[in-house]
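Notes for the one structure printed next.
Laboratory data are not the source of any read-out in this text; all were calculated from the coordinates shown. Predicted, not measured: the structure shown is a model, and the values here were computed from it. Cβ placement follows ideal geometry from the backbone for every residue including glycine, while neighbour counts extend to all protein chains displayed.
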Amino acid sequence: MKTKNINEIILKSLDSELSEEEKRFLDEEIQKHPELQSERDWHMKLRGEISTLSSAEFSSDFELKVMNRIRTTKHEERESGNLFLQLALPFKRVVLPAMIVLIILLTYNLTITESVSAESLIGMSTVPMEDLFDPGTTLILE
């Protein structure tokens, strides 16, 4: 038989009577493998220690403490799970000043230029691709 079956029979021998075939098989395996006897003894010792333990008692507010811990853990998981929120929190102090600077720059660019276009808003003009590779245009742009 396999090791899994041997372990099942050892555990079964602790709980109930074994059949004659199972007893014979277990005895044969213990003869072949002495470590099985030490494992069986360990299980018996553990069972004895567990049976001598007193029943566990909890304080009257144990349930309340556990539920509060679960709620805070869920709340922390929810907050830590939101990547956008984690990234946005450090920049809250920067957003308002950056918006003010951006509005000032856009207003300045609009007052300097005569036309209202995307190029004038950002203060850059578009150069066609052909002109970028023309050496003469590069000198004029500089």
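So, E8, is that one surrounded by 13 or more Cβ atoms within 10 Å (Cβ to Cβ), charged (D, E, K, R) and without any contact (Cβ under 8 Å) to a residue 24 or more places away in the chain or not? In short, yes. Here is the figure for the range 33-66: residues that are surrounded by 10 or more Cβ atoms within 10 Å (Cβ to Cβ) and part of a helix (DSSP H, G or I) total 17.
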